[in-house]
1. In what sequence do HIS213, HIS248 fall when counting other Cβ within 10 Å, fewest first?
2. Pairing the Cα long axis of helix 181-190 with the longest principal axis of the chain, what angle in degrees results, from 0 to 90 and rounded to the nearest 10?
3. With each pseudo-label sitting 7 Å past Cα toward Cβ, what's the THR216-ALA124 distance in nm, one decimal?
4. Which FRET efficiency, nearest 0.05, do ARG223 and ALA281 yield, Cβ-Cβ r, R0 51 Å?
5. Once you place label points 7 Å from the Cα toward the Cβ at GLU36 and LYS266, how far apart are they in nm?
6. In whole Hz and in residue order, list the ³J(HN,Hα) couplings for segment 257-262 that follow from phi through the Karplus curve 6.51 cos²θ - 1.76 cosθ + 1.60, θ = phi - 60°; x for Gly and Pro.
7. Given the Cα-Cα distance of ARG166 and LEU298 and 0.36 nm per residue of separation, how much length would full extension add, in nm?
8. What is the gain in length, in nm to one decimal, between LYS274 and MET196 on full extension, counting 0.36 nm per residue of separation less the C-alpha to C-alpha distance?
Amino acid sequence: MMDLRFLAAGLVAALFACGCTEAAQTTQAAPPAPLEGQPYVLKDTQVWTVPDPVSGREYEVFVSLPASYEAEPQRRYPTLYVTDADYAFPILRQMARRINLDGPVIQDFILVGLSYAKGEGGAASRSRDYTPVPCNPESRCELTHGGGDAYQTYLKDAVLPFIEGRFRADPEARVLLGHSYGGLLGAQILFTDPTMFRAYVLGSPSFWFGQRHIMTMEADYARAHTDLPAEVFMYIGAFETPGPTPRHASRYDMVGQMAAMEQVLKSRAYPNLKVRSTVLADEDHLTVAPAGFTRALLAVLPAQP
């Protein structure tokens, strides 16, 4: 009887083991559920964290390499750095891929998007980092302003070395594109360290900020220098001035302020300054960027003959 009980127990154990193995095999062989509704990701782009060693903030930079990058390993490329990357980077990337479809119109370039500090909203990050002086009644004073100098140092000491150490970016062919507060930041760099970039695109620049403090910076630069070695391209929407329609600006004549800046710069007669501007019809501060980006690429990165 003892042997029969052991035999019966063995048969039950064997049957149980077989059942478990078959169940396990069935589970492993089942196809994975389809991954639908996932976030859209821009293909062939990169995201890198580049911390600011001074403030301790962490910023992300977005990178898009030109199609020719892998095929031409000895080639170095101009680099376009753009502020407000969360908005501007994908637009510029698609423009760069499309403009040359029928032949070279602009140069191949490395696109670098300058995003905001991690854990901060865009308004807070850009208000602090893109403005040269603290808040005043003209601005949203609940936000911190006046960190432009510190952010400029971060760009020069951390971002530029990171990009040029990792990618074949030509340090003699850097371009900075900024819109609104980003254009104000570009003007600040232009008047304090102009050779940091070869060319500056100042889009719908907020020259009104700080009671037009940027004009004081321009005058300070002019008193101390006889040359301004840079290429400057400015764009603005025709509606960015007070007027009768809802699309017109409600407070500042940004069109007039841009024209005044161009006039002052040309009056300095700097031998190595090239400055141009355009006013884009039927565009306001919120619609002008894509058209302005296109004009900027054609102006500062034209295809080489």
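All of the numbers you see were taken from the coordinates with simple rules; none came from a lab. Here the structure is a predicted model, which is why all the values come from computation and not from measurement. Cβ atoms come from the backbone with ideal geometry, glycine included; neighbour counts cover every protein chain shown.
1. On the way: HIS213 18, HIS248 14.
Ordered by Cβ neighbours within 10 Å, fewest first: HIS248, HIS213.
2. It is inclined by approximately 60 degrees.
3. Each label point is offset 7 Å from its Cα along the Cβ direction, giving 2.8 nm.
4. Details: r = 37 Å, r/R0 = 0.72.
It comes out at approximately 0.85.
5. Placing both labels 7 Å along Cα→Cβ, they lie 5.9 nm apart.
6. 5, 5, 4, 5, 4, 4
7. Details: separation 132, 0.36 × 132 = 47.52 nm, distance 2.69 nm.
Length difference between fully extended and current span is 44.8 nm.
8. On the way: separation 78, 0.36 × 78 = 28.08 nm, distance 1.59 nm.
Extra length from LYS274 to MET196 when fully extended: 26.5 nm.
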